[in-house]
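Only one structure is covered here, and it is reproduced in the block below.
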Amino acid sequence: MCKTTKNKAKEFNSAHRIGRSSDCPTSLSDLLKPKKVFFVKGVGRHEDELVSFELALRDAGIERFNLVLVSSIFPPGCEIVEKEEGLKYLQPGQVVFCVMARMTSNDVGKTIYASIGTAIPEDPKLNGYITEYQGYCNNEDVGSYAEKMAAYMLETAFNIKSKKTFNITIKADVEKYTSVVAAAVFVM
């Protein structure tokens with residue numbers, strides 16, 4: 001880094017730490033740790049595969065963002081909020097991190113699903129787990145399976161039981177191209 005850039009970085013860091021409360025980010029890792037999360041699901045159908053996916057994102061309410069898929073960790077201390085509240089923190093075009101389950105098919109007559117399972121520990125200092133499953137299904141409870149696997153990951157990681165588990169699941173009968181999405185959307 002050149003001398004001028006280093007000085008500007010120091011000025012920026014100093015300016016953004018002065019007068020800030022202790023809950024404000026003070027490092028890059030703090031900035032990249034999600035503070036809130038909300039859960040969405042959607043379905044889309046169209047003659048074109050990509051458009052069906054776009055319509056599923058619209059149905060879920062997250063089509064306006066540049067979505068970056070991340071792995072399945074529920075951040076320590078992350079607050080679960082309703083979709084409407086979470087969307088208030090985001091702007092069109094913003095890069096938004098999420099855990100997403102996604103399935104697209106044109107196999108008419110089949111049923112597809114996307115499911116997110118979540119397991120949260122009692123101790124807010126520990127991370128939880130989010131699982132994402134997608135595929136073809138019949139009448140089985142695919143949401144329950146995603147939830148159980150998230151709980152299993154938490155239990156085997158820390159040798160503890162989950163304080164809370166839940167899932168968000170969407171199923172759809174395939175017509176044309178059909179896409180389903182379920183996602184945990186993070187707010188930084």
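The values are calculated or read from the model by the stated rules, or taken from the named source; none is laboratory data. Nothing here was measured: the structure is a model prediction, and the numbers come from that model. Every residue, glycine as well, gets a Cβ built from its backbone with ideal geometry; the counts of neighbours run over all protein chains shown.
Tell me which residues, restricted to segment 69-95, are without any contact (Cβ under 8 Å) to a residue 40 or more places away in the chain and either among the aliphatic types (A, V, I, L, M) or assigned to a loop (DSSP other than H, G, I, E, B) (or both). Working first, answer last.
Our first condition is that a residue be without any contact (Cβ under 8 Å) to a residue 40 or more places away in the chain; within segment 69-95, this holds for 69, 71, 84, 88, 91-95.
Correct list: 69, 71, 91, 92, 93, 94, 95.
I'm trying to understand the selection: among the residues of segment 159-188, which are under 15 Å from residue 137 (Cα atoms) and touching a Leu at 6+ places or on another chain (Cβ under 8 Å)?
Selection gives 179, 181.
Name the residue that is nearest to residue 181 (Cα to Cα), counting only residues in segment 23-61 that are under 16 Å from the mean Cα position of the chain (by Cα) and surrounded by fewer than 16 Cβ atoms within 10 Å (Cβ to Cβ).
To start, the set of residues in segment 23-61 that are under 16 Å from the mean Cα position of the chain (by Cα) comprises 32-42, 56-61.
Checking which are surrounded by fewer than 16 Cβ atoms within 10 Å (Cβ to Cβ) leaves us with 32-33, 58.
Values: 32: 24, 33: 24, 58: 10 Å.
That would be 58.
Restricting attention to segment 96-111, report how many residues are over 18 Å from the mean Cα position of the chain (by Cα) and either outside any strand (DSSP E or B) or buried (at least 22 other Cβ atoms within 10 Å of the Cβ) (or both).
Adding up the residues that qualify gives 5.
Pick from segment 144-168 the residues that are out of contact with any strand residue (DSSP E or B) (no Cβ under 9 Å at 6 or more places or on another chain) and part of a helix (DSSP H, G or I): which of them is nearest to residue 181 (Cα to Cα)?
156
Can you find a residue in segment 159-177 that is touching a Cys at 6+ places or on another chain (Cβ under 9 Å) and among the charged types (D, E, K, R)?
Scanning segment 159-177, I find at least one residue that is touching a Cys at 6+ places or on another chain (Cβ under 9 Å) and among the charged types (D, E, K, R), so the answer is yes.
Kindly evaluate residue 107 against the criterion of being touching a residue at least 24 places away in the same chain (Cβ under 8 Å) and over 19 Å from residue 61 (Cβ atoms).
Details: touching a residue at least 24 places away in the same chain (Cβ under 8 Å): yes; over 19 Å from residue 61 (Cβ atoms): yes.
Judged against the criteria, residue 107 is a match.
How many residues does segment 169-188 hold that are under 14 Å from the mean Cα position of the chain (by Cα), part of a strand (DSSP E or B) and hydrophobic (A, V, I, L, M, F, W, C)? Can you show your working first?
Residues of segment 169-188 under 14 Å from the mean Cα position of the chain (by Cα): 169, 181-188.
Then keep just the ones that are part of a strand (DSSP E or B); that gives 169, 181-187.
Next, only the ones that are hydrophobic (A, V, I, L, M, F, W, C) stay: 181-187.
The number of residues fulfilling the criteria is 7.
What's the total number of residues in segment 126-138 that are modelled with pLDDT of 95 or more and either over 15 Å from the mean Cα position of the chain (by Cα) or not in a strand (DSSP E or B) (or both)? Write out each step before concluding.
Taking segment 126-138 and keeping what is modelled with pLDDT of 95 or more, we get 126-137.
Subset that is either over 15 Å from the mean Cα position of the chain (by Cα) or not in a strand (DSSP E or B) (or both): 126-127, 135-137.
Number satisfying all stated conditions: 5.
For residue 116, state whether it is out of contact with any Phe, Trp or Tyr (no Cβ under 6 Å at 6 or more places or on another chain), in a loop (DSSP other than H, G, I, E, B) and closer than 13 Å to residue 182 by Cβ. If you could, list the steps in order and put the result at the bottom.
Details: out of contact with any Phe, Trp or Tyr (no Cβ under 6 Å at 6 or more places or on another chain): yes; in a loop (DSSP other than H, G, I, E, B): no; closer than 13 Å to residue 182 by Cβ: yes.
Judged against the criteria, residue 116 is not a match.
Give just the number: which of (1) closer than 11 Å to residue 74 by Cβ; (2) in contact with a strand residue (DSSP E or B) (Cβ under 7 Å, 6 or more places away or on another chain) does residue 126 not satisfy?
Only one criterion is unmet by residue 126, namely (2).
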